Structures are given as C-alpha cells and as structure tokens.
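What follows is a single structure, written as structure tokens, with notes after it.
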Amino acid sequence: MNGRTEASTPGHPRDPAGPAGARPAPAREGQRSAAGAWPLLSGLGPLGALPTAPRLGRAFAVLVLGGWGLGGMTEAAELIVSEMASNVVRAAANPDGSLVYDAHGRLPVLWLRLLSDLRQTRIEVWDNLPAGRGVPAARRPGPEEESGRGLELVAAISQRWGWEPVPGRQAKCVWALLTVQ
C-alpha cells in the first residue's frame, strides 16, 4: 500500500493486499467481498503507530476523496480515520506513553484503505497489534473522562462499522461504511 489510487476493471479485481499481502476477511452481511466490487481503491502505509499517523491519514483521506469527486464526505471521513488511527496509536503505547515493540524490536504499524463505488465508501484501518492490545470495543466513559467516545462517534456518523481479524496474519481490520450523499 503505497498511497496510489487504483481503479479495478470489472472482472479483473486488483489485489486488495493490506499488511504483508493479507487479504480482507470474507464479506459479511452488507459488505463487498473483493476489490472488484469497489472500483476505486487507495491505500496508505505502512505507517508507524506514532502520534503523527492520524494526521497523515486525515490528509490522505481528504486528497483521495477529493480526487474521486467525493469532497462532500471528507469531514465525516476525517473524523472516522482520526478516531480509528488514534485507537491504534493509543494501543501501541504503554500507560506511561512509552512505545510498545514486538519481540523483534519493531514498532506496530497501521495501514489505511479507502474503497468506493461512488455510492458507498468504506474506510479501513488495518494494524498488526496483538489482539490483547487492540481489539476495538465501544465503551461508556464517565462524564469526567477525556477519552473513550471515539467509537460512539464512528457509529453515529457511519452507516455501520465493525472489525475482523485478517485471516492468516496477526492483524485486524477496523472498518466503517459511509453512504455518499
């Protein structure tokens, strides 16, 4: 995933590779199953799970959606990208803010994918965090808490959202679906 925008020709789906060549999980209810069903596909990453990643993801989403003629959905897409990427960044750090590295000394990474058929747009954030560190779950923060509302926001502005493990990889994909208006 190198930041290029690709269009697939019907019957000739592009490789929807995400982390290390992984393919998205099989489609569930209401989801598309292959890049061929999403004629517009663009990806960014890998990005280190650092505090700069959400900002890069937002800028990427604005540029890609504008190029696809979907500039009217950039505000919602920016919020979704920001929340989902920020969750990865938060999960990739210890409570004291120090970074978490894997057994090989590598920082967790994330990928961003945008897919659209000009009627719907799917936003995906992939990461390679261990399941114990990064499984998304909406929660009910107390009124004094400063964080914890991101997935509620994603649910409120998207048609639907979810997550799934990436088959054959230590990775997951968190996604949200927006209807083009």
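A few notes on this one:
- In summary, V125 fulfils each of the numbered conditions (1) modelled with pLDDT of 90 or more; (2) more than 11 Å from I80 (Cα to Cα); (3) of a type outside the set (S, T, Y) with the single exception of condition (2).
- Residue pairs meeting the criteria (Cβ under 6 Å; at least 6 apart or on separate chains; first free of Cβ contacts under 8 Å to residues at least 60 places away in the same chain, in the range 37-58; second of a type in the set (G, A, S)): A53/A85; P54/S82; P54/A85; P54/S86; R58/S82
- Summed over the range 93-110, residues that are within 15 Å of the chain's Cα centre (by Cα) and either outside any loop (DSSP other than H, G, I, E, B) or under 25 Å from S158 (Cα atoms) (or both) total 2.
- Selection status of L79, within 21 Å of A131 (Cβ to Cβ), surrounded by 13 or more Cβ atoms within 10 Å (Cβ to Cβ), of a type outside the set (D, E, K, R) and at pLDDT 95 or above: no
- In this entry, L47 is excluded by the filter for residues that are crowded, with 21+ Cβ neighbours inside 10 Å and more than 24 Å from A171 (Cβ to Cβ).
- Remark: pairs (first residue in the range 60-76, touching a residue at least 40 places away in the same chain (Cβ under 8 Å) and in a loop (DSSP other than H, G, I, E, B); second residue buried (at least 20 other Cβ atoms within 10 Å of the Cβ) and among the hydrophobic types (A, V, I, L, M, F, W, C); Cβ separation under 7 Å; 6+ apart in sequence or on different chains) = W68/L40.
The values are calculated or read from the model by the stated rules, or taken from the named source; none is laboratory data. This one's a predicted model, so the numbers in the text were calculated from it and none came from an experiment. A quick note on method: Cβ atoms are made from the backbone with ideal geometry, for glycine too, and the neighbour counts reach across all protein chains shown.
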